[in-house]
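Structure, as structure tokens:
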Amino acid sequence: MNTSLEVEYWVIDGDGELTPPESLADLSEYTEREFVEPLFELKTPPCESIPELRATFVSQLEEVLETAERADKGLVPLGTPLNCDGVERRPGKRGQIQKDVLGPKFDYANYCAGAHLHFEKRNVTDQLNALIALDPALALVSSSPYYQGERVANSARAHCYRKRAYADFPRHGQLWNYVESVGEWTRRLERCFEEFEDEALAAGVEPEAIDANFSVDDVVWTPVRLRDEMPTVEWRSPDAALPSQLLQLTEELYAVMETLHDTNVEIDDGDGGTEAGHVTDEGVRLPDYDTVFDLAGVAIRNGLGSTPIVNYLDRMGFSVPDYHPIATQIDGRQYVTKSDARELRLEYASRLESDVEQLAATI
């Protein structure tokens, strides 16, 4: 099953200040600038196995880090920059239209860095539903509790997207309910596009500009997306994190995706109680959607500090004790100053370099 990984990292200079990626984004077709100035994205090509994905991702990171060292820059594996001066959006019509529609709340997205996991389309309805049910697994790699210095949630990034940036357009940024068919998913997307188009037109955006910058395939930010261009099922919930943790998360999700291909998938009727959901070789049972939605909220707020989240992820096939989320390590204060944020960015840029060195030694 082809699998690929995309990760956004903040770029800093030698003082820990955010800075544009410049040459880092020009290394290959798999490196690029993101929609805000100090954010850099690294993509792997589709890989046929987890060992291939691991080797490819680490090799790409080594090349990026070599270039970064020459430019006195670093990559920071945090879901937000913790606290900083305003993050500027890069010029572009798409972002401007989104701001016209979402209003000032869209600025929350400027401070968010995440990871996207792509799995080759197979039994797509089961894949979509499983990734919805596995949304609480974002707690395994949460990497920042802070937004502009304030502690807001264990995953500040997920909180800012779901509760703030898309607060007025929940269908565009929230976790969707299960589906019975791909056609149902497509109809939801079409309705979202129509809603977005109506709002954009009402805001004075020209129809040609909407058509040139948005399509049914890419109009929503929802945590689970169906991508025609790849073609993949994409899970977008995790924060940016250390490469070793993202690779482990991908490997364990890959195992669930493989299990779906060889067994029956059922959805609870709501009577599963505290033991709802499990993944075994004999079958996959997903909790009812209301349970998943509640668990996802707890995962965003409390992360692995929640016993129900730990128990749920264990039942769903994750080796929870092997994860050590950055958010948990840097949590504990109500406010992070800009000076402290710079120091933490420098520290975790260094930890990322060490993490890549250790990964490379195992390949």
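Can you tell me which residue in the stretch 212-258 is modelled with the lowest pLDDT, limited to those that are more than 17 Å from GLY114 (Cβ to Cβ) and charged (D, E, K, R)?
Ranking the candidates gives GLU229 first.
How many of the residues making up the stretch 186-206 are buried (at least 16 other Cβ atoms within 10 Å of the Cβ) and outside any helix (DSSP H, G or I)?
1
Can you spot a residue in the stretch 66-87 that is under 21 Å from the mean Cα position of the chain (by Cα), surrounded by fewer than 16 Cβ atoms within 10 Å (Cβ to Cβ) and part of a loop (DSSP other than H, G, I, E, B)?
no
For the stretch 126-148, give me the residue count where each residue is within 15 Å of the chain's Cα centre (by Cα) and among the charged types (D, E, K, R).
Counting residues in the stretch 126-148 that are within 15 Å of the chain's Cα centre (by Cα) and among the charged types (D, E, K, R) gives 1.
Here's a check for you: in the stretch 92-110, which residue that is more than 21 Å from the chain's Cα centre (by Cα) and not charged (D, E, K, R) is surrounded by the fewest Cβ atoms within 10 Å (Cβ to Cβ)?
The qualifying residue surrounded by the fewest Cβ atoms within 10 Å (Cβ to Cβ) is PRO104.
Counting only residues that are part of a helix (DSSP H, G or I) and more than 14 Å from ILE300 (Cβ to Cβ), how many does the stretch 109-145 have?
13
Residues being assigned to a helix (DSSP H, G or I) and either touching a residue at least 60 places away in the same chain (Cβ under 8 Å) or surrounded by fewer than 19 Cβ atoms within 10 Å (Cβ to Cβ) (or both): count how many of those fall in the stretch 267-305.
Summing the residues that are assigned to a helix (DSSP H, G or I) and either touching a residue at least 60 places away in the same chain (Cβ under 8 Å) or surrounded by fewer than 19 Cβ atoms within 10 Å (Cβ to Cβ) (or both) in the stretch 267-305 gives 19.
Could you grab me the full set of residues in the stretch 24-50 that are closer than 20 Å to ALA241 by Cβ and in a helix (DSSP H, G or I)?
LEU24, ILE50
Does THR56 qualify as being hydroxyl-bearing (Ser, Thr, Tyr) and either in a loop (DSSP other than H, G, I, E, B) or within 20 Å of ALA156 (Cα to Cα) (or both)?
Details: hydroxyl-bearing (Ser, Thr, Tyr): yes; either in a loop (DSSP other than H, G, I, E, B) or within 20 Å of ALA156 (Cα to Cα) (or both): no.
Answer is no for this residue.
Output the residues belonging to the stretch 231-266 that are β-branched (Val, Ile, Thr), over 13 Å from the mean Cα position of the chain (by Cα) and either crowded, with 18+ Cβ neighbours inside 10 Å or part of a helix (DSSP H, G or I) (or both).
THR232, VAL233, VAL256, THR259, VAL265, listed by residue number.
The values are calculated or read from the model by the stated rules, or taken from the named source; none is laboratory data. Computed from a predicted model, the values in this text were never measured in an experiment. For neighbour counting, all protein chains shown are included, and Cβ atoms are generated from backbone atoms with ideal geometry for every residue, glycine included.
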